[in-house]
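What follows is one structure encoded as C-alpha cells, with my remarks underneath.
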Amino acid sequence: MSQGPVARQGRAVAVAEPPRRPPSRGRRGDRRFGTRRARLTLAVVVAVLVVVVGVVVGRTHSPAPPSPTPQTACTVASTTPGGSYSITPTQAQNAAIIAAVALRKGLPDHAVTVALATSLQESQLLNLSYGDQDSLGLFQQRPSQGWGTSTQIMDPNYAASAFYDHLAQLSGWQTMPVTEAAQLVQHSATPDAYATWETEARSLARALTGEVPTGLTCHLDGFSGVAPPSSALVQAAATEMGSQLIGSPVSTKTGWQVASWAVAHADNYHLDSVSFGGWRWTVASGTWASISGSGAGTAQNTVVVT
C-alpha cells in the first residue's frame with residue numbers, strides 16, 4: 001500500500017561525433033580543412049560555455065521546488081507500538097462495510113477483528129474479481145464451495161455477511177485467537193498467515209467500531225467518479241448497518257462508528273464533511289478538528305454529513 005520515478009542527477013550525456021572527411025590534397029585543401037577544424041573547435045567551446053553558464057544560473061536562480069502535496073490516503077490511528085498506518089480509500093470503504101455488517105448482525109468487535117485480518121490476508125481488503133481456482137471477492141470465497149454465486153460474492157455486503165454466518169457457527173469463536181477463528185472459517189493452506197495481520201486488523205477494528213474516536217481520517221485529493229445522488233448514501237447506510245443511523249440520535253460508540261463509516265465512504269459519495277460529538281472531519285483538511293463553541297445537546301449525539 002508507489003512513488004513516482006526519482007530523477008537522476010550528474011549523468012553524463014554522450015553526443016555522437018559527426019563523421020570526419022579526409023582533407024583534399026594540396027595547399028588549398030589543407031586551408032579548408034584547417035578552417036573547418038577551427039570552426040568546429042569554436043562551436044564546441046561555445047556550446048560548453050552555454051551549458052556551464054546554464055548550470056550555474058540554474059543552481060543559483062532556480063525557484064525552490066513546491067511543497068509536496070499529501071497523497072490520497074486514509075490513516076488508521078493505532079494504540080499499539082508502531083503507530084498509525086495508511087490504507088487507500090477503497091480499502092477503507094471495504095473495511096467499513098465489514099464493520100458495518102457486524103453492527104447490523106449484533107456481533108461483538110472481536111468478530112470485526114477476525115474478519116478484517118482474514119480479508120487483509122486474502123485480498124488486502126480489495127474486492128478482487130479473480131483468485132486461486134474460482135476464489136473471488138474480499139474473502140476469496142468460492143462459488144463451488146457453497147459460498148454463493150459469483151455475483152453475490154462480489155458484493156462486499158453479502159461477502160461479509162456470509163463470512164460472519166460461518167464464524168458464528170463455530171463454538172467458542174468469541175474467545176479464540178484471531179488466526180484460529182479465521183482458519184476454521186477459511187480452511188486455508190497457510191493456517192497461521194492470518195496472525196500476520198492481527199495488529200493492523202485490531203487497530204482498524206477499533207477505529208471502525210467506535211472504540212477509538214476520530215480513529216480514521218482520510219485525505220482525498222479530489223473525488224472518484226461522478227457524484228451519486230444524495231439518496232445513494234442513505235440507502236447504503238441502511239443496507240450495510242441495518243438502519244438509518246445518519247442524522248439520528250445514537251450512543252457515543254455507535255456514533256463514532258457511523259462517523260468513521262461516513263469518512264471511509266466520503267470518496268465514493270463525495271462528502272465534504274462529517275460531524276459528530278463536537279468534532280468535524282472535512283475533505284479540505286483531511287483531518288478531524290474540534291468544533292469551536294460546540295456544547296452538549298442532541299446535535300452532538302447525531303452524525304451529520306454534507
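The values are calculated or read from the model by the stated rules, or taken from the named source; none is laboratory data. These numbers come from a predicted model, not from an experiment. When we count neighbours, we look across all protein chains shown, and the Cβ atoms used for this are built from the backbone with ideal geometry, even at glycine.
Below is a table of values for the structure above.
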read-out: Every pair of residues 6+ apart whose Cβ atoms lie under 6 Å, when the first sits in the range 123-143 and is within 19 Å of V101 (Cα to Cα) while the second is at pLDDT 95 or above and aromatic (F, W, Y); value: F139/F163; Q141/W147
read-out: Candidate set: the range 176-198, residues that are among the β-branched types (V, I, T) and either at pLDDT 95 or above or touching a Lys or Arg at 6+ places or on another chain (Cβ under 6 Å) (or both); chosen: the one surrounded by the fewest Cβ atoms within 10 Å (Cβ to Cβ); value: T196
read-out: The range 142-165, residues that are under 15 Å from V114 (Cβ atoms) and surrounded by 17 or more Cβ atoms within 10 Å (Cβ to Cβ); value: A159, A160, S161, A162, F163, Y164
read-out: Test result for W173, modelled with pLDDT of 95 or more, surrounded by 14 or more Cβ atoms within 10 Å (Cβ to Cβ), touching a Leu at 6+ places or on another chain (Cβ under 6 Å) and more than 14 Å from A111 (Cα to Cα); value: no
read-out: Those residues of the range 128-149 which are within 19 Å of Y164 (Cβ to Cβ) and either out of contact with any Ser or Thr (no Cβ under 8 Å at 6 or more places or on another chain) or modelled with pLDDT under 95 (or both), in sequence order; value: S135, Q145, G146, W147, G148, T149
